[in-house]
Amino acid sequence: MDTANLSQASHRINNYDSYFNKSAKRRRPAILRGLQKYIGTDLLYLAGGLPNSETFPITAAQLQLRDGRTVAIDENEMKVALQYGSSSGSLKMREWLTELQRRLHDPPTVPPLGVSPSANSDMITICTNGCTEGISRILGSVLEEGDSLLVEESTYPTVMNMIEPLGCKPVTIKNDADGLIPSDLSNILSSWNEAVSGPWPKLLYCVPVGGNPTGANLTLKRKKEVYALARKYDLLIIEDDPYYMLQFTRPLTPSLLSLDVDGRVLRCDSLSKLMSAGARIGYVSGPKQFLETILHWKDSDPGSCNSLAQTIIWKVLQSMGHDGYIEHGRDVANVYYEKSKRVSRTAEKHLKGLAEWSDPVAGMFLWMKLLGVEDSRPICQKLIQKGAVVVQGHIFCPASVKSSYIRVSYSYASEEDLDKAFSWLAEILKEQPTQ
């Protein structure tokens, strides 16, 4: 497939109604939420059900950073932080994140600096309660009962938990050490038969960097091929990329968002891996019309982002600046790189000849195939009895009830713990009857 001129021909999507399910099409802006735009203006705002912030016991805060600096949240900032916030996230946070996307990805659909998004496919960024909420809202806005979701054959299992109640099924695409295999995606789409397989798929879901569970990176060549297929077959892409900054080499591999000339990529990012998992701050960047429809949904249920958490994290981000944050990402990636070498070294010590694996190139997971094992579940149960827990592979493989793989997380494990766990695993595997 020729992708050389991909960025030169734009077929911007003008309207996203054909992708939305019935529920999404019925959603309307929440009137009460809409009145929040008047907060902070010269108008006397008597419309909100806001508690009086003078009754809150917290008035200010000071944060101690790991590098020894302190960051203060003054009384005025704290009053805002302790109140209900916008479903889309605070304006200052969204502006900061949009500029980050511009620096990291230079998305073709983002308006120039100082120009507000106006076209339906113009990129905007909204905040979510972690990356997972963004994925859930996208799936819940597109999929109808009986629909299919295109996923990798080894993928993030929570997505399967999301689509099952919707009455949807996964269609798996083969992957390897370089990520999703575009030729297999092409074969699936070119031979799709609605009479047999159901309605034409509208969404492709992938974790392109530090794949969960595989630890693989989708190469730039393959990203171009995947995007070209999405254009050819009119797919939207969920680019679930919380590990993007945790690539072990620089420069960072360009994202699918950086290739998106049409407005068909919905990129889900997270601050959990670099700033705070407990703050639960994710963000989605994508087409204006699509994300505004998600905001109508967030407005009508408990979808507001945590204002206090946003204020704390934004104050730290502000003190770092965009360059400092990017540098912090490189430092964190170096930490995980050293940990990845440790886990590979320990696996080589105990499991050579008993298991196979590829060294991770990003993220925090080692995806390991147990040799001579058809189903890793009994092995994992025996390992628990010895004193260690890993994840059995079948939960990451939608098309299979059995898997010979396991996923090992090395993000917080000490070398001593890895040594114990892998020695126990080796003992169990050596006790297995030969097949």
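Some notes on this structure:
- The residues on offer are Lys174, Lys169, Lys202, and the sole one that is among the charged types (D, E, K, R), more than 28 Å from Val390 (Cβ to Cβ) and touching an Asp or Glu at 6+ places or on another chain (Cβ under 9 Å) is Lys202.
- The set of residues in the stretch 198-228 being touching a Lys or Arg at 6+ places or on another chain (Cβ under 9 Å) and farther than 18 Å from Ser358 by Cβ consists of Gly198, Tyr227.
- Subset of the stretch 324-379 [aliphatic (A, V, I, L, M), farther than 14 Å from Met245 by Cα and under 20 Å from the mean Cα position of the chain (by Cα)]: Leu366
- Taking the listed residues Ser285, Ser272, Ser255, Ser340, the one that is surrounded by fewer than 24 Cβ atoms within 10 Å (Cβ to Cβ) and of a type in the set (Ser, Thr, Tyr) is Ser272, with no other qualifying.
- Among residues of the stretch 64-84, those that are surrounded by 14 or more Cβ atoms within 10 Å (Cβ to Cβ) and closer than 27 Å to Val332 by Cβ, counted: 4
- Candidate set from the stretch 198-218 (those that are in contact with a strand residue (DSSP E or B) (Cβ under 7 Å, 6 or more places away or on another chain) and more than 19 Å from Arg407 (Cβ to Cβ)); member that is surrounded by the most Cβ atoms within 10 Å (Cβ to Cβ): Leu204
- Residues that are in contact with a Leu (Cβ under 9 Å, 6 or more places away or on another chain) and assigned to a strand (DSSP E or B) do not occur anywhere in the stretch 312-334.
- Filter pass, Ser88 being on the phi < 0 side of the Ramachandran plot, in contact (Cβ under 8 Å) with a residue 60 or more places away in the chain and not in a helix (DSSP H, G or I): yes
- Any pair with Cβ under 8 angstrom, 6 or more apart, that starts in the stretch 96-111 at a residue that is assigned by TED's automatic domain parsing to the domain that holds Glu239 and at positive phi and ends at one that is modelled with pLDDT of 95 or more and not in a loop (DSSP other than H, G, I, E, B): Asp106/Ser258
Here's the yes/no breakdown for (1) touching a strand residue (DSSP E or B) at 6+ places or on another chain (Cβ under 7 Å); (2) part of a loop (DSSP other than H, G, I, E, B); (3) closer than 18 Å to Cys305 by Cβ:
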| position | (1), (2), (3) |
| --- | --- |
| Gly48 | no, yes, yes |
| Lys79 | no, no, yes |
| Arg94 | yes, no, yes |
| Thr125 | yes, no, yes |
| Cys131 | yes, no, yes |
| Glu144 | no, yes, no |
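- Lone unmet requirement of (1) in a helix (DSSP H, G or I); (2) closer than 30 Å to Glu77 by Cα; (3) of a type in the set (A, V, I, L, M, F, W, C) for Cys305: (1)
- The single condition among (1) in a loop (DSSP other than H, G, I, E, B); (2) aliphatic (A, V, I, L, M); (3) crowded, with 21+ Cβ neighbours inside 10 Å that Ala279 does not meet is (3).
- Only a single criterion out of (1) crowded, with 17+ Cβ neighbours inside 10 Å; (2) touching a residue at least 40 places away in the same chain (Cβ under 8 Å) is not satisfied by Ser376, namely (2).
- Of all the numbered requirements in (1) surrounded by fewer than 21 Cβ atoms within 10 Å (Cβ to Cβ); (2) touching a Phe, Trp or Tyr at 6+ places or on another chain (Cβ under 9 Å); (3) outside the structural domain of Gly179 (by TED's automatic domain parsing), Ser307 misses one, and that requirement is (3).
- Of all residues in the stretch 9-16, at least one satisfies being under 22 Å from Cys127 (Cβ atoms), at pLDDT 95 or above, not aliphatic (A, V, I, L, M) and not assigned by TED's automatic domain parsing to the domain that holds Thr109.
- Strands (runs of 3 or more DSSP E) wholly inside the stretch 160-243 that include at least 3 residues being in contact (Cβ under 8 Å) with a residue 60 or more places away in the chain: 236-240
- Count of the stretch 385-402 residues, restricted to those that are of a type in the set (S, T, N, Q) and within 24 Å of the chain's Cα centre (by Cα), is 2.
- Test: residue in the stretch 219-229 that is in contact with a Gly (Cβ under 9 Å, 6 or more places away or on another chain), surrounded by fewer than 23 Cβ atoms within 10 Å (Cβ to Cβ) and at pLDDT 95 or above: yes
- Checking each residue in the stretch 351-367 for being closer than 22 Å to Asn334 by Cα and in a strand (DSSP E or B) picks out Trp357, Ala362, Phe365, Leu366, Trp367.
- In the stretch 394-420, the residues that are crowded, with 19+ Cβ neighbours inside 10 Å, assigned to a loop (DSSP other than H, G, I, E, B) and out of contact with any His (no Cβ under 9 Å at 6 or more places or on another chain): Cys397, Pro398, Ser404, Tyr410, Ala413
The values are calculated or read from the model by the stated rules, or taken from the named source; none is laboratory data. Values in this document were obtained by computation on a predicted structure and should not be read as measured data. Quick reminder, even Gly has a Cβ in these numbers, built from the backbone with ideal geometry, and neighbours come from all protein chains shown.
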